[in-house]
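S.K.: Take a look at this one; I'll ask things after.
The values are calculated or read from the model by the stated rules, or taken from the named source; none is laboratory data. Since this is a predicted model, take the numbers as computed values, not measurements. Counting neighbours? That spans all protein chains shown, and the Cβs are built from the backbone with ideal geometry, glycine included. Ligands, DNA and RNA are excluded from the accessible area calculation, which covers all protein heavy atoms including side chains. Shrake-Rupley method; radii C 1.70, N 1.55, O 1.52, S 1.80 Å.
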Amino acid sequence: MTSQQPIVLVIDDEAPIRRFLRAGLELEGFTVLDSESAAAGLRQATLRAVDLIILDLGLPDWDGSALVERIRGWSEVPIIVLSVRANEVEKVKLLELGADDYVVKPFGMAELIARAKAALRRHTRTDAGEPVVHVGPLEIDLSARKVTRNGQAVPLSPKEYRLLHVLARHAGNVVTQKHLLKEVWGTSHVEDAHYLRIFVRKLRHKIEDVPTRPTILLTELGVGYRLATSATVDEAER
Amino acid sequence: MTTRSDTGGGSLPPPAKSRQAVPNGLEHGWLVALCAPLLLVILITAGLLAFKRTTEPTYVAICYLIPVVLAAAHSGVWPAVLTAALSVGASAYFLYPPIYSFKVDDTDQVLHLALFAVVAAVMGHLVLAMRSNARAAREREAEVASLHQFSQHLATASTADDIFAAIESHLGSLIGRPVIVFRLEPDGTSPNSLDRLPRDVASEIGARLGPPPQTAGEPAGEPAAPALVSNWLLRPLHQEDRLLCIVAVELDGAEERDPRRTTRKIDQTISEAARTLERINVGKALAEAQVRAESETLRQALIGSVSHELFTPLATILGAASILVKAKAITENPRLKTLATVLRDEAERLNSDIQTLLDASRISSNSVQPRMAWSDATDIVNSAIGRRAQRLSGHELVIDMATDLPMVLADSLLIEQALLQMLDNAAKYSPPGAPIEITVSSQNSAVLIAVTDRGVGLTADEIAHIWERFYRAPRVAGASAGSGLGLWVARSLAHASGASVEAASAGAGLGSRMVIRIPVNENSPQETIPAA
């Protein structure tokens with residue numbers, strides 16, 4: 001895998017979408033392969049070593065979740081899904097099956113690029129072990145398990161650190177409520193999600209400039225939470 | 001091939017009293033019927049004796065009429081006759097000389113006794129007639145009530161299933177026991193309700209509902225004749241030569257022994273019902289229900305395909321526009337940058353307009369399904385502001401959110417959509433650069449999300465109508481385009497999530513304030529699980 005020109009596989013049955021995705025991704029320095037069906041996409045993914053897969057959920061031949069499951073069976077390659085609005089249930093299901101993130105059609109290219117790069121970074125981080133995640137004034141040292149804000153240490157309880165750690169490992173990508181509950185509290189009961197909300201509120205008081213207008217620990221309504229990255233911050237200023 | 005329409009647990013009304021009502025507690029009834037008049041006769045005899053008016057026959061006769069009439073009204077013919085006889089006996093024995101003997105000396109008194117008997121008979125007969133008339137009237141009233149309920153069910157029925165459920169319930173209440181209706185199913189699936197019946201019954205029903213015999217000339221059999229299979233009575237219902245359904249009634253042991261009588265009775269009921277059905281034109285209602293169901297399926301398919309058709313090109317336009325807006329070659333040239341920006345902004349506007357239309361359509365077809373969860377109102381507002389960051393960039397946003405708001409039970413996505421409509425509204429009707437204030441606060445038992453603008457404001461009349469579908473205030477309708485759907489969608493989505501909306505304004509030109517009010521439950525969670 002080259003970090004110079006990462007190879008992206010775009011799987012979408014609509015030609016115009018493939019075209020603008022190719023243009024946008026190539027402008028950002030990606031090499032693009034595309035397929036117009038799940039079967040073709042799967043074939044490409046097994047033949048070439050791709051670094052990222054962008055997958056449309058409305059494919060005619062396969063159900064998106066079946067495809068994600070299939071791919072995850074033999075690869076940890078980052079997957080971003082293209083979804084439509086008002087389909088939170090499906091989005092959450094795909095995230096739980098192993099997709100890294102999603103964008104909702106119609107979307108802006110910057111949003112997709114930011115999330116794709118975050119997913120790629122996570123991949124390399126696992127390989128190379130990049131230990132420190134920077135988000136604005138916050139620095140999260142994943143191996144030393146330390147969090148500093150503008151250079152000053154932030155006192156966090158073990159669970160608070162754990163939450164931040166999970167989000168930081170996926171920095172820039174969304175993490176579902178269920179995943180967070182399981183990783184931090186060991187429960188996967190989504191009924192306990194309200195505890196998560198109150199917990200996040202308290203955490204924001206410690207790390208955000210304006211706790212009611214968070215720029216670091218962002219909520220993704222109906223899905224989960226996302227730790228912003230500088231790319232996310234830029235994109236928000238579009 | 002056949003199906004059973006499910007009336008559902010609560011929809012079957014308690015069966016009306018059957019025409020052949022057998023009184024419960026049989027022994028009890030008769031005891032009361034016997035003892036009560038006896039007691040009354042004894043009481044009256046004792047009373048008359050006590051007052052020593054014994055030789056006045058008129059008093060005697062009048063007094064004894066009371067138990068006779070009571071017995072006739074309460075218990076029927078024979079108790080009345082018995083009471084009359086007892087009364088005559090008692091008066092002859094105890095009251096008319098010679099006392100303690102059934103012989104009566106005075107012919108006047110004998111005449112009076114005879115007259116008493118006659119009057120008692122007439123009165124008893126009249127009372128009996130009144131009683132049975134009253135009973136008949138009650139039964140007719142029950143029938144009419146049942147019919148009324150039936151026609152109401154028919155009027156509100158929107159599917160064939162509803163109509164057959166109404167038929168089942170109506171027949172059930174007429175006959176006084178549960179009835180099952182089996183009908184022809186267009187898609188030919190076999191229902192599992194048939195499995196609950198004994199095999200021979202099920203096969204008979206299947207045969208009758210199945211296709212007609214292939215060979216012409218073969219006698220079609222008696223299509224309308226009822227059939228008795230095992231302990232089930234099956235009666236086909238026809239309408240204008242078309243088999244509508246088969247009505248199945250389970251007979252109990254007693255009726256099974258004399259099925260002909262039960263059959264005739266039930267048959268009679270069903271024939272009457274069939275005539276009613278014809279009059280109400282159930283066939284037509286069924287056809288209409290089918291058309292309604294088809295048109296709804298069509299509409300859903302249309303919405304589904306329209307949304308897909310519209311969103312794909314829109315996704316391409318927005319995607320491409322978003323790339324152009326950032327491309328170096330474009331940003332270097334101010335005019336090109338303006339072009340690209342306007343392209344992107346208008347595509348975003350188109351996007352939200354189409355989303356509004358789709359929301360309106362979902363609301364109209366009742367397909368909004370709220371998913372309630374404990375939510376932080378701050379999150380909802382931040383998400384909405386994020387989505388409209390571009391569109392609101394021409395206005396100064398003043399954001400004021402209280403800390404430590406209680407959690408609310410809501411569908412956060414629906415509330416966000418409602419808020420987006422309000423934000424779009426504020427931006428649309430405010431002059432460029434004017435501030436828009438967004439506040440989140442808690443008050444009494446609710447969390448309030450308020451959007452305040454310094455725009456065209458609202459008159460009292462406009463406030464009254466502003467949430468209506470397709471309403472556009474005449475004052476602004478000329479100056480700007482719009483569908484009149486935005487605020488209606490906002491209100492509908494807020495309501496779906498259990499919240500309410502309000503609009504207020506100091507008057508025309510003085511800006512407006514729109515509020516989403518989300519009620520707070522007492523069970524709002526306040527504590528985290530042990531954080532450690």
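S.K.: What single numbered condition from (1) β-branched (Val, Ile, Thr); (2) farther than 30 Å from B:Ala287 by Cβ; (3) open to solvent by less than 20 Å² (accessible area, probe 1.4 Å); (4) within 47 Å of the chain's Cα centre (by Cα) fails to hold for B:Ile167?
M.R.: B:Ile167 satisfies all of (1) β-branched (Val, Ile, Thr); (2) farther than 30 Å from B:Ala287 by Cβ; (3) open to solvent by less than 20 Å² (accessible area, probe 1.4 Å); (4) within 47 Å of the chain's Cα centre (by Cα) except (2).
S.K.: Being open to solvent by 60 Å² or more (accessible area, probe 1.4 Å) and at pLDDT below 90 is the filter here, so list the residues in region A:187-218 that pass it.
M.R.: Across region A:187-218, the qualifying residues are A:His189, A:Val190, A:Glu191.
S.K.: Can you give me the number of residues within region B:508-519 that are open to solvent by less than 60 Å² (accessible area, probe 1.4 Å) and part of a strand (DSSP E or B)?
M.R.: Counting residues in region B:508-519 that are open to solvent by less than 60 Å² (accessible area, probe 1.4 Å) and part of a strand (DSSP E or B) gives 5.
S.K.: For region B:259-349, please list each of the helices (runs of 4 or more DSSP H) lying entirely inside it that holds at least 2 residues being within 13 Å of another protein chain (Cβ to nearest Cβ) and modelled with pLDDT of 70 or more.
M.R.: B:282-326, B:328-331
S.K.: Does B:Ser367 satisfy the condition of being in a loop (DSSP other than H, G, I, E, B) and open to solvent by less than 80 Å² (accessible area, probe 1.4 Å)?
M.R.: yes
S.K.: Can you name the number of the only condition in (1) touching a His at 6+ places or on another chain (Cβ under 9 Å); (2) surrounded by fewer than 21 Cβ atoms within 10 Å (Cβ to Cβ); (3) under 25 Å from B:Leu420 (Cα atoms) that A:Gly224 fails?
M.R.: (2)
S.K.: Run B:Ala120 past the list (1) in contact (Cβ under 8 Å) with a residue 24 or more places away in the chain; (2) closer than 23 Å to B:Pro236 by Cα; (3) not β-branched (Val, Ile, Thr) and report the number of the one that doesn't hold.
M.R.: It is condition (2) that B:Ala120 fails.
S.K.: Hey, among the residues in region A:173-206 that are under 25 Å from A:Leu120 (Cβ atoms) and of a type in the set (A, V, I, L, M, F, W, C), which one's farthest from the other protein chains (Cβ to nearest Cβ)?
M.R.: That would be A:Val175.
S.K.: Quick check on A:Arg226: is it at the interface with another protein chain (Cβ under 9 Å from one of its Cβ atoms) and of a type in the set (Lys, Arg)?
M.R.: Here the answer is no, as A:Arg226 does not meet what is asked.
S.K.: Anything in region A:91-120 that is surrounded by fewer than 21 Cβ atoms within 10 Å (Cβ to Cβ) and away from every other protein chain (no Cβ under 13 Å)? List them, or say none.
M.R.: Matches in region A:91-120: A:Lys93, A:Glu96, A:Leu97, A:Gly98, A:Lys117.
S.K.: Report yes if A:Glu76 is more than 14 Å from chain B (Cβ to nearest Cβ), closer than 20 Å to A:Ala171 by Cα, assigned to a loop (DSSP other than H, G, I, E, B) and in contact (Cβ under 8 Å) with a residue 40 or more places away in the chain, otherwise no.
M.R.: Against the criterion (more than 14 Å from chain B (Cβ to nearest Cβ), closer than 20 Å to A:Ala171 by Cα, assigned to a loop (DSSP other than H, G, I, E, B) and in contact (Cβ under 8 Å) with a residue 40 or more places away in the chain), A:Glu76 qualifies.
S.K.: Let me ask something additional. For B:Arg4, only one of the following conditions fails: (1) modelled with pLDDT under 80; (2) over 30 Å from B:Ser146 (Cα atoms); (3) open to solvent by less than 70 Å² (accessible area, probe 1.4 Å). What is its number?
M.R.: Going through (1) modelled with pLDDT under 80; (2) over 30 Å from B:Ser146 (Cα atoms); (3) open to solvent by less than 70 Å² (accessible area, probe 1.4 Å) one by one, B:Arg4 breaks only (2).
S.K.: Is there any pair with a first residue in region B:339-354 that is in contact (Cβ under 8 Å) with a residue 40 or more places away in the chain and a second that is aromatic (Phe, Trp, Tyr) and surrounded by 17 or more Cβ atoms within 10 Å (Cβ to Cβ) whose Cβ atoms are under 9 Å apart and which are 6 or more apart or on different chains, and what are they?
M.R.: Note: pairs meeting the criteria are B:Ile354/B:Phe311.
S.K.: Name the residues in region A:153-172 that are closer than 27 Å to A:Glu111 by Cβ and more than 13 Å from every other protein chain (Cβ to nearest Cβ), would you?
M.R.: A:Leu164, A:His165, A:Val166, A:Leu167, A:Ala168, A:Arg169, A:His170, A:Ala171, A:Gly172
S.K.: As an exercise: evaluate B:Asp379 against (1) within 8 Å of chain A (Cβ to nearest Cβ); (2) loosely packed, with under 13 Cβ neighbours inside 10 Å; (3) of a type in the set (Asp, Glu) and give the number of the one condition it does not meet.
M.R.: Just one mismatch for B:Asp379, condition (2).
S.K.: Sticking with this one: Scan region A:13-22 for residues that are facing chain B (nearest Cβ under 7 Å) and surrounded by fewer than 17 Cβ atoms within 10 Å (Cβ to Cβ) and jot them down.
M.R.: Once the filter is applied, which keeps residues that are facing chain B (nearest Cβ under 7 Å) and surrounded by fewer than 17 Cβ atoms within 10 Å (Cβ to Cβ), region A:13-22 yields only A:Pro16.
S.K.: On to the next question. Is there a residue being under 34 Å from the mean Cα position of the chain (by Cα), more than 9 Å from chain A (Cβ to nearest Cβ) and open to solvent by 10 Å² or more (accessible area, probe 1.4 Å) anywhere in region B:382-400?
M.R.: Scanning region B:382-400 turns up no residue that is under 34 Å from the mean Cα position of the chain (by Cα), more than 9 Å from chain A (Cβ to nearest Cβ) and open to solvent by 10 Å² or more (accessible area, probe 1.4 Å).
S.K.: On to the next question. Criterion first (without any contact (Cβ under 8 Å) to a residue 60 or more places away in the chain and under 51 Å from the mean Cα position of the chain (by Cα)) does B:Ala85 satisfy it?
M.R.: No.
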